[in-house]
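To start, the structure under review is shown below, and the notes come after it.
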Amino acid sequence: MKHSIEEHQGYRHVGHVLGVDLDMTAVVGPVLRRAVAAGEPVVVACPEAVAAAVLATLEGVGDVFVAPTDPLDDRPPAALAAIADLVDARAPGEGRRLHLVTGPGGPHTDPAVWMQTEALLNHVLAERPVDHICLLGPVGTTGTEVDSPVDADAVVLATHPWLLTGAGTVRNPGFRDPAELLREVQRASVPDPLEDTEPTLSMVDLEDLRALRRALTRVLAESSLSEDAAQDFVLAIDEVTSNASEHGIPPVDVRLWCTPERLLCAVTDRGAAFDDPLIGYGPAHGDMAVGGMGLWLARRSVDSLTAAPADDSGDGCTVRLVVHA
């Protein structure tokens, strides 16, 4: 049976590729004007020039709220929380939908990080009554200044179940399951090249978490991280190591690599590697810490957190935490 976007009652994640002139009159404008005419609120969280172009399509009428974009550009867990808070704060009454417009990311946006956020929105906001139009940069221009294993243009097809085109809003045949997509991104980053070098700190068969925290604090004080960033990194490592000690199988090994550009910590135990990249990002409603409080706290404190089997045989689990200095 064929389903239209109107029949999809939860979160509707719609991608629209902009032209180089940012003209949204013919495609985006009619959608937003219909929302305004129906008395439904519109929230715009875009860079200034893009926001102005969006507002111009509404001809100065309607219930429109312009939100700051800084929180949306944060690490994926923080950006997801900011978007969820924004949606919940502007939620319309029963039977109405919120219309959210965001994007696009700038040329320095890391495509891998951006794709992670876009994929996870389908999970975190799944049940919210939101029509979310993601404005995407012209194909061939997105993320071109960032070295990344992810094809930025593929983000358009991979992370949006719907596409807004000149023919209207249509199903996207290239949409991929968020968990499947995130697993692929994780596999592309494992193992980390730093692991072929001598670690800055190595604690094998760890038994004393207090000793680990002291050692990390001492080493990171000499790193390129700020004091606050170093404290956040210690917190993230502590949470992951505590999880490994409590839920994994000993021994637990912790290794840390520090360079001027980035820092990597690998926490390994002999238990089974968890294979759900959505853990720690929360359910569609309620406390986003549900599903892994420790991982939620850790994810908010680092730029990347991935889990994989500790070796080629599949034995053990290694959680890698990365912070870009």
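The values are calculated or read from the model by the stated rules, or taken from the named source; none is laboratory data. The model shown is predicted, which means the values in this text are computed figures rather than measured ones. In this analysis, Cβ positions are derived from the backbone assuming ideal geometry, glycine residues included, and neighbour counts consider all displayed protein chains. Surface areas here come from the heavy atoms of the whole protein model, side chains and all, with no ligands, DNA or RNA. Shrake-Rupley method; radii C 1.70, N 1.55, O 1.52, S 1.80 Å.
Quick look at the numbers
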quantity	calculated
Filter pass, L297 being modelled with pLDDT of 80 or more and farther than 22 Å from L194 by Cα	yes
Residue pairs meeting the criteria (Cβ under 7 Å; at least 6 apart or on separate chains; first of a type in the set (K, R), in segment 298-314; second assigned to a loop (DSSP other than H, G, I, E, B) and modelled with pLDDT under 90)	R299/G280; R300/R75
Criterion violated by I249 - all others in (1) under 21 Å from W296 (Cα atoms); (2) open to solvent by 60 Å² or more (accessible area, probe 1.4 Å); (3) among the aliphatic types (A, V, I, L, M) satisfied	(1)
Strands (runs of 3 or more DSSP E) contained in segment 152-213 and holding at least 3 residues in contact (Cβ under 8 Å) with a residue 40 or more places away in the chain and under 29 Å from D238 (Cβ atoms)	201-203
Search result, residues across segment 1-55 that are at pLDDT 85 or above, touching a strand residue (DSSP E or B) at 6+ places or on another chain (Cβ under 8 Å) and among the β-branched types (V, I, T)	V14, V17, V27, V28, V31, V36, V42, V43, V44, V50, V54
